[in-house]
Every structure is written in structure tokens, then in C-alpha cells.
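Here is the structure we will look at.
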């Protein structure tokens, strides 16, 4: 294809992705009360308030957008792959396909881990730090931002094994170098966790420990990917 043809194809893929996101956003906005009920399960016993007339409306839009992005992601990923597919070799197509399947599974696993384990634990700890005469009250925006932050961050964090495996497949990293730089990676993981999570030790630990485990899994994945590449070269 010519450059114009590639640009036309890219525009078509982008338009389809945007349309899929818009449709998913509309459906999720229609069912926003059901989505809210799922996200507010962990708020039992908490008193949530709104401090502006538009806060509830804006939270509904934000919730519908994130839920719509999540549900439309298979279509968006398909459009991206359909654009890249013709220019890839057979082995590159296998790498891409395996990476997408494993990455999607790990993303879902990460969001479920955050929803069922991390968020309840962090809320129990943080809301248990009561001072006599002080009643904890949270705005809806604060609570929803807290929940979405953990869901998105853990979904992305669980991509570490896939990322390290793909880098090993294309020869940019080696398992030996990942092991030798483990100490530096541990330091970086704790720094990143401190930056991305709320400013409390428990949230940082809940983010850092899974990342450390995922890093070790990523080293194993890098070894498997390296053996696979050598076998098929």
C-alpha cells in the first residue's frame, strides 16, 4: 500500500474504534446505576457525600467512560491488530496473538485482584484510622477515584510478565540481565508504587508486593520466550 493508503486504513481503524467506544459508553451510561452498585459494594458503612451539584452527574459520565473503554477494548485491540497484521511476518503474528491473549487475561486478573482483594483491604485499613471526635466522610468523587485508580493500575501492572516476555522475544532483554538488576528493580517498584498509590504505606505495599511477584513471573516468561525464539530461529 502507498502512504496515502496506509493513512486511509489507519483513519478507518481509528473511526471504528471511536464508534465502538461511543456505543459502549452509551450502553454503560444507561446501566450506570448497576455499575455504581458494583463499585459501591466496598463502601458499605461509609458515608459518601457530594459537594457540588454536578458531582453525581460527572461521576456517572466518568464511570460510564471507564466501563465503556473496558468493554470496547476487544474491538479497539482488534482494529489495532488488523492494521498491523498485513505488515508482520508469521512468527511476529504468533508473538502478537499470544501476547494479546495472555495480556488480556492478565489485565482481567489484575482488575479482579484489585476489586476483591486490594480495595477492600486498603479501605478497611484507611477507614479504621479514626480519631476520637472525627467522623470519616468521603466525597463520591474521592471514593470513585480511589477505586478506579486501583482497578486501572493493577490491570496495567499485571502486564509486566507479558512486557518482559515480548522484550525477550525480540532480543531487547535477557533473563540473566533481569536477575542481575533485581535489586534496582525492587527499588524502582517501591518508588513507582509510592508515586501512583494514595499516600499511605498499606496502599504502597499492596501495589509493590504483587509487582515484585509479577517481576519474578516475568523473568520466567522471558526464559520461556527466549527458548521459544531460539527454537524457531
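The values are calculated or read from the model by the stated rules, or taken from the named source; none is laboratory data. Model, not experiment: these values are computed from the prediction. Using ideal geometry, Cβ is built from the backbone for each residue, glycine included, and neighbour counts are taken over all protein chains shown.
Could you please give the count of residues in segment 197-211 that are surrounded by fewer than 17 Cβ atoms within 10 Å (Cβ to Cβ) and without any contact (Cβ under 8 Å) to a residue 60 or more places away in the chain?
4
Kindly indicate whether residue 5 is surrounded by fewer than 12 Cβ atoms within 10 Å (Cβ to Cβ) and not in a helix (DSSP H, G or I).
So residue 5 fails the test.
Please verify whether segment 77-95 includes one or more residues that are closer than 26 Å to residue 7 by Cα and within 15 Å of the chain's Cα centre (by Cα).
yes
Going through 100, 96, 84 one at a time, which residue ends up being in a helix (DSSP H, G or I) and closer than 23 Å to residue 153 by Cβ?
100
Do we find that residue 108 is at pLDDT 85 or above, loosely packed, with under 15 Cβ neighbours inside 10 Å and under 30 Å from residue 165 (Cβ atoms) in this structure?
yes
Could you say whether any residue in segment 71-79 is over 27 Å from residue 8 (Cβ atoms), surrounded by 14 or more Cβ atoms within 10 Å (Cβ to Cβ) and in contact (Cβ under 8 Å) with a residue 12 or more places away in the chain?
For segment 71-79, residues over 27 Å from residue 8 (Cβ atoms), surrounded by 14 or more Cβ atoms within 10 Å (Cβ to Cβ) and in contact (Cβ under 8 Å) with a residue 12 or more places away in the chain: present.
Could you list all residues from segment 34-55 that are more than 15 Å from residue 147 (Cβ to Cβ), part of a helix (DSSP H, G or I) and at pLDDT below 90?
55
If you go through segment 48-69 one residue at a time, do you hit one that is surrounded by 15 or more Cβ atoms within 10 Å (Cβ to Cβ), under 30 Å from residue 167 (Cβ atoms) and touching a helix residue (DSSP H, G or I) at 6+ places or on another chain (Cβ under 9 Å)?
Yes.
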